[in-house]
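Have a look at the structure below, then the notes.
Just so it is clear, none of the values below were taken in a lab; they were calculated from the coordinates. Not measured: the values here are computed from a predicted model. Heads up, the Cβs are rebuilt from the backbone with ideal geometry, glycines too, and the neighbour counts pull from every protein chain shown.
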Amino acid sequence: MSRSALSLVVALAIASRTALAQIDPADPNPLTDKIYAWPTGIPYQVDPVASAIRGPQSGYNICNSTTQNQDSLCQTAFFSNITDFCFWSAPKPNSTIGDMEGQVVAWCTQKHGTRLIPAGTITGAQWLKAKNSSGFHVYDQLSLYIQQSNVDLNALDYGGELDPHGADLRGNPIGGLVYGTGFSSDGQTVQQLVEWNSFIGGNFSCFTACNPASSGNDQGNFCQNRYDLIGCSYNMPANAQNGVFEVCDADTKIPVGTYVSGGATMTWTQPNAGPVTPPYSPVVPASSNCVTYSSNSLWNALPTVTPTGATAVPTGTKSTAGGSAPGAPAATGSNGASTLGISSAAGILGTLFAVAFLS
């Protein structure tokens, strides 16, 4: 495809996104305002409303032993620590995120009434506990190398973003909730994690959840969803390595879209039209106190599966939830701060696939 044709595709994709950016009058209450006490306050469905725009919710939020199977449509995820987390992926084999962004379901490492991530799917993982200069635990970030066909995602899909906002504020998935214990003082109390964002595709996934006790500014900076076309590399820079499973303390990242040039702090905003080309390379925050594990010691009771075939992304499907390939992580070495650039091939494919989406 020529550059001019590619630019046209990108322009049409962004125009479509802009046109769809509206609150759904059928359910004008943002998903991020829907707070439910764990476990008894959770409704069967957070968003059962159908409208001309989207909906109703395809899955359910009350998840327990009766819904614990590999066909579960549970849309309540957990994100607690390196041994106990979920990510969002497709509900049926050979799907693309663009077609399923509103219907994705929770795939987890532990039994939460959800599907379990099959053994061998995760081939590398880095969990970062990010603290500010005062030692406050601001957010947790997870970067994963995965075999995405094991979790019903088309092997060639470059995927995109999932978040609790979406253009209509109903979330992707619609009605999706996230809970965890990682920010509680005792490490056991379950809290609702209202602000989070995630990318999956290109056999890579990343997920950030913000501490519910952190300031609104911090949640806006570190769990924002406005840069959905530039993937993990920019939104969640990390030194994750395939074949390595580790947990580290980390400094907080520079918020996506913010960078330093010529000694001055600059802000770049993802455009509503035209090329999506960030004027900077992201910086991986410094990490320390890293502890490595074997995958068997982390997740020793996951099921085995026969993955679906690696076929091409179906012609004519919309593709990404946020339009971007998650992007390659940094080249690794030390755990000090470093810079990285998004894979040009992944970036082109991810942008090219951004034909129509709600994010």
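Just a few scattered comments:
- For peptides 196-204, 149-157, 290-298, sequence by mean Cβ density within 10 Å, most packed first: 196-204, 149-157, 290-298
- A straight chain from residue 119 to residue 291 at 0.36 nm per residue would run longer than the Cα-Cα distance by 59.8 nm.
- Site pair residue 260 and residue 300 shows an inter-label distance of 4.5 nm when each label is modelled 7 Å from Cα along Cα→Cβ.
- The lysines whose alpha-carbon is closer than 21 Å to the alpha-carbon of residue 253, local same-chain residues fewer than 8 away aside, are 129, 131.
- Estimated vicinal HN-Hα couplings, Hz - the range 203-211 in sequence order (Karplus 6.51, -1.76, 1.60; Gly, Pro = x): 6, 9, 9, 9, 8, 10, 10, 8, 4
- Gain upon complete extension [residue 185, residue 36; 0.36 nm per residue less C-alpha separation]: 51.7 nm
- Amide H contacts under 5 Å for residue 258: 268, restricted to partners 5 or more places along the chain or on a different chain, H placed in the peptide plane at 1.01 Å from N.
- Fully extending the segment from residue 137 to residue 272 would add 45.2 nm, taking 0.36 nm per residue of separation and subtracting the current Cα-Cα distance.
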